[in-house]
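Contents: one structure, followed by commentary.
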Amino acid sequence: MTILYSLCSWGLGHATRGLPMLRRFVKDGHDVIIYTSGRGLALLKSELKGNVRFIESVPYPSPYSDKIGFAVRFMVMVPKIMGIIKEEVKDVGKIVKENKVSLIISDSRFGSYCKSVPSYLLFHQLRFIAPLRLPPAEMVTEFYNHYLQNNFEKIIVPDYEENSLSGDLSHKLRYFDKEKIEYVGILSDFEKIDTDKDLDYLFSISGPEPTRTILEEKLFSQIHLLRGKIAVALGKPDGYTEEVRGNTTIYSYLEKKRRDELMNRAKIIISRSGYTTIMDVAEIGKKALFIPTPGQTEQVYLAHHLEKTGLFHSVKQRKLKLDRDVERALIYKGFTPPWRTAESIERFLKAIGIKK
């Protein structure tokens, strides 16, 4: 079977959470075409190398900024994004025809579908969280998503229907047909392994620019407050570098083997509250300190939701004090998933009609 796997290119999260399914498709002998761009494309090329084909996608303009909030910038950019979605539909139709694609999976790209081919949307943000949680605004965003997603057979949600991580992002919905939503469980490319917990702190710095660099600078201005063994992953997959500064080892990017090793060795993870990172932490069963991207309502909501439910500590970027906040974070209980990625993959395959 020829599968077109399309991914949003905002940050690296969509690419990393797609890796478990992509590896499974390759293992099962499917012909896989990956459609994405930017750093996500670089990451997937590094991880999957010659086992799949790559086509650079029509890029969505980034809604992230260090000057105005995500919600405001996103609304301003909606007309441009809608124009790109129309271009994407044409692009995908051409790829389907030229490559005899028989299945499409789209991770958060609304234009990656084709009427003649079963198309599935992998998406965890069925409702966009509005500033101040204004009900009329959230009703509009949910209806907007519902309208766009009618082009897909099903919406695959990487979360649990009960005991959820994503909270109101994909639950308590008004407009969606429940029969069309499939909660398959978390998807993470990390694997839990038995190893010594000899790494005190692992910093995972990710996300689109310029917010990624802003967090990097903030963390490095305070990292001297911590004692113990520290590792920092900068989330730059374009080239590998490794640097040792005293008790801190800095990696430009971590491929799977080293990622798994460091994540399992770490006593606590410090990172943005991006949903993929939250799933990674849950998969391995780690404590975490989350620092949501200022103005990005999804991350702010997730951080608040996880703090309120007693799972993970979070702190606003401007209020961060590393030594204080990591101590607080160690008190929280973390999240024990009902099942992990191995089971989620089987549920995903069943949802899209691929049998073992």
### Query
Pairs, please: C-beta under 6 Å, at least 6 apart or cross-chain, first residue touching a residue at least 12 places away in the same chain (Cβ under 8 Å) and in segment 198-210, second of a type in the set (S, T, Y)?
S204/S271; P208/S62; P208/Y64
### Task
Sort out which residues of segment 250-262 are open to solvent by 10 Å² or more (accessible area, probe 1.4 Å) and under 24 Å from I331 (Cα atoms), and write them in order of number.
D260, E261
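Residues that are in contact with a strand residue (DSSP E or B) (Cβ under 6 Å, 6 or more places away or on another chain), touching a residue at least 60 places away in the same chain (Cβ under 8 Å) and open to solvent by less than 10 Å² (accessible area, probe 1.4 Å): does segment 285-308 have at least one? Steps first, answer last, please.
Going through segment 285-308, the residues in contact with a strand residue (DSSP E or B) (Cβ under 6 Å, 6 or more places away or on another chain) turn out to be 286-290, 303, 307.
Remaining after also requiring touching a residue at least 60 places away in the same chain (Cβ under 8 Å): none.
Checked against the condition, which is being in contact with a strand residue (DSSP E or B) (Cβ under 6 Å, 6 or more places away or on another chain), touching a residue at least 60 places away in the same chain (Cβ under 8 Å) and open to solvent by less than 10 Å² (accessible area, probe 1.4 Å), segment 285-308 yields no hits at all.
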### Query
Inside segment 153-191, can you point out the residues that are open to solvent by 10 Å² or more (accessible area, probe 1.4 Å), outside any strand (DSSP E or B) and of a type in the set (F, W, Y)?
Y175, F176, F190
### Message
For segment 237-247: of the residues being within 24 Å of the chain's Cα centre (by Cα) and either modelled with pLDDT of 95 or more or open to solvent by 80 Å² or more (accessible area, probe 1.4 Å) (or both), which is nearest to S206 (Cα to Cα)?
### Response
D238
### Message
Against the condition out of contact with any Asp or Glu (no Cβ under 6 Å at 6 or more places or on another chain), open to solvent by 80 Å² or more (accessible area, probe 1.4 Å) and touching a residue at least 40 places away in the same chain (Cβ under 8 Å), how does K321 come out, does it pass?
### Response
yes
### Query
Would you call S112 under 22 Å from the mean Cα position of the chain (by Cα), at pLDDT 95 or above and outside any helix (DSSP H, G or I)?
yes
#### Entry: Candidate set: segment 324-345, residues that are open to solvent by 50 Å² or more (accessible area, probe 1.4 Å) and under 21 Å from the mean Cα position of the chain (by Cα); chosen: the one farthest from E153 (Cα to Cα)
T336
### Task
Check G83 against each of (1) open to solvent by 10 Å² or more (accessible area, probe 1.4 Å); (2) under 17 Å from C8 (Cβ atoms); (3) of a type in the set (G, A, S); (4) touching a strand residue (DSSP E or B) at 6+ places or on another chain (Cβ under 8 Å) and name the one condition it does not meet.
(4)
### Query
Out of segment 94-115, which residues are open to solvent by 10 Å² or more (accessible area, probe 1.4 Å), free of Cβ contacts under 8 Å to residues at least 60 places away in the same chain and closer than 30 Å to L169 by Cα?
F110, Y113, C114, K115
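The values are calculated or read from the model by the stated rules, or taken from the named source; none is laboratory data. The shown structure was predicted, so the numbers you read here are calculated from the model rather than taken from an experiment. Virtual Cβ from ideal backbone geometry, glycine too; neighbours counted across all protein chains shown. The accessibility values were calculated without ligands, DNA or RNA, using every heavy atom of the protein model including side chains. Shrake-Rupley method; radii C 1.70, N 1.55, O 1.52, S 1.80 Å.
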